[in-house]
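See below for the structure under consideration.
The values are calculated or read from the model by the stated rules, or taken from the named source; none is laboratory data. All of these numbers come straight from a predicted model, not from anything done at the bench. Here the Cβ positions follow ideal geometry from the backbone for every residue, glycine too, while neighbour counts run over all protein chains shown. Ligands, DNA and RNA are stripped out before the accessible areas are found, and what is left, the full protein with its side chains, is counted by its heavy atoms. Shrake-Rupley method; radii C 1.70, N 1.55, O 1.52, S 1.80 Å.
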Amino acid sequence: MKYFVLLFSLISINFSQKTEKLTGRYNYLVEDDNSYIQKDKITFKDSIFVFDNKFMPKGKVSYGNKIVLDNFINTDLVISIAKDQIEKDTIPFFMHDKKSFSVNYLDEVVGKGKLIRIK
């Protein structure tokens, strides 16, 4: 009986867990002198994001302790998002430079902004 309860609880835990990924379209705004400026629109699908501006490259999304958007605007700029922010319609993010002099470039913030979901 106790094995049945253990098996049932493990199965229910697996069904209740869901992989949280960014999906849909967002406006992205960058903070400049304490005000936000809208730059472009981004579409997220699985682990890839694409800007509406066709001249911008596709980027890759890595899901871990933090969500990291690689190849954002240029190859040296990386965006990090706190994992608990994914469910929200307005998602704050931080920009990091891969060519930073710090040991871990995610520790040094060079800018910030917001992603706002388009419904």
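Do the conditions hold for D33, that is, is it free of Cβ contacts under 8 Å to residues at least 12 places away in the same chain, more than 19 Å from K21 (Cβ to Cβ) and exposed (fewer than 15 other Cβ atoms within 10 Å of the Cβ)? So D33 fits the description; yes.
Tell me yes or no: at least one residue of segment 12-25 is at pLDDT 80 or above and not in a loop (DSSP other than H, G, I, E, B). Break it down stepwise before answering.
Taking segment 12-25 and keeping what is at pLDDT 80 or above, we get 21-25.
The next check asks that each one be not in a loop (DSSP other than H, G, I, E, B); those that pass are 24-25.
Yes, that holds for at least one residue.
So, in segment 36-61, how many residues would count as being open to solvent by less than 90 Å² (accessible area, probe 1.4 Å) and of a type in the set (D, E, K, R)? Here the count works out to 3.
When I73, I81 are checked against the criterion of being out of contact with any helix residue (DSSP H, G or I) (no Cβ under 9 Å at 6 or more places or on another chain), open to solvent by less than 70 Å² (accessible area, probe 1.4 Å) and modelled with pLDDT under 90, a single residue qualifies: I73. Taking D70, is it acidic (D, E), without any contact (Cβ under 8 Å) to a residue 24 or more places away in the chain and under 18 Å from T23 (Cβ atoms)? Considered against the rule, which asks whether it is acidic (D, E), without any contact (Cβ under 8 Å) to a residue 24 or more places away in the chain and under 18 Å from T23 (Cβ atoms), D70 comes out as yes. Residues of segment 84-119 being open to solvent by 40 Å² or more (accessible area, probe 1.4 Å) and either in contact with a Cys (Cβ under 6 Å, 6 or more places away or on another chain) or under 18 Å from V50 (Cβ atoms) (or both), which ones? Scanning segment 84-119 gives I116, R117, I118.
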